[in-house]
Amino acid sequence: MGWAAIQFTHMSDLNVWAGSQSASSGQKAQGDAEQGRAIFNGKGVCSSCHGVDEYRDQPPQLEADTAMLIAQLNPPPPDLRNRKTLRLTTDKARFNAIREGHPGTGMFPDTTMTAQELTDTLAYLEVLRKEGAAKRK
């Protein structure tokens with residue numbers, strides 16, 4: 001019973017990235033990019049490796065040993081503004097990488113974020129990709 005409940009909870013979380021329709025509203029879950037930015041730079045600790053607002057040259061204040069370990073990541077964290085360098089090309093894949101970790105990289109699982117926080121973070125990541133595309137034109 002416990003495993004089934006965990007699977008059901010996980011599957012309901014996954015419906016967020018899939019744009020599932022809620023029975024009550026008939027609309028898919030929407031992310032708030034500004035909330036996602038706060039999560040990226042705060043609770044989600046994404047900025048530890050990707051940099052504040054995804055500027056890798058602007059890391060948050062980190063302990064020296066943590067900063068040293070992050071600097072040695074191989075492969076290094078990708079430029080989230082450059083679609084051409086991203087291996088994860090769908091929100092489903094990004095959701096899974098955030099929730100479960102990203103094999104072959106230093107990205108560890110984050111099981112503390114709620115489904116809405118993940119949705120908000122994905123909305124912020126879309127903003128970053130659009131900013132990057134606009135700069136490359």
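Which numbered condition trips up residue 123, out of (1) within 23 Å of residue 32 (Cα to Cα); (2) of a type in the set (A, V, I, L, M, F, W, C); (3) at pLDDT below 95?
(3)
Among the candidates 92, 130, 84, which residue alone is in a helix (DSSP H, G or I) and in contact with a Phe, Trp or Tyr (Cβ under 7 Å, 6 or more places away or on another chain)?
So the residue among 92, 130, 84 that is in a helix (DSSP H, G or I) and in contact with a Phe, Trp or Tyr (Cβ under 7 Å, 6 or more places away or on another chain) is 92.
Scan the range 42-68 for residues that are aliphatic (A, V, I, L, M) and either in contact (Cβ under 8 Å) with a residue 12 or more places away in the chain or part of a loop (DSSP other than H, G, I, E, B) (or both) and jot them down.
Across the range 42-68, the qualifying residues are 45, 62.
Among the residues of the range 59-70, is any at pLDDT below 90 and either more than 21 Å from residue 38 (Cβ to Cβ) or surrounded by 14 or more Cβ atoms within 10 Å (Cβ to Cβ) (or both)?
Yes: one or more hits.
For residue 105, state whether it is surrounded by 12 or more Cβ atoms within 10 Å (Cβ to Cβ), in a loop (DSSP other than H, G, I, E, B), modelled with pLDDT of 90 or more and of a type in the set (Val, Ile, Thr).
Answer is yes for this residue.
The values are calculated or read from the model by the stated rules, or taken from the named source; none is laboratory data. This structure is a prediction, so every number in the text was calculated from the model and none was measured. Here Cβ is always computed from backbone atoms with ideal geometry, including for glycine, and neighbour counts include all displayed protein chains.
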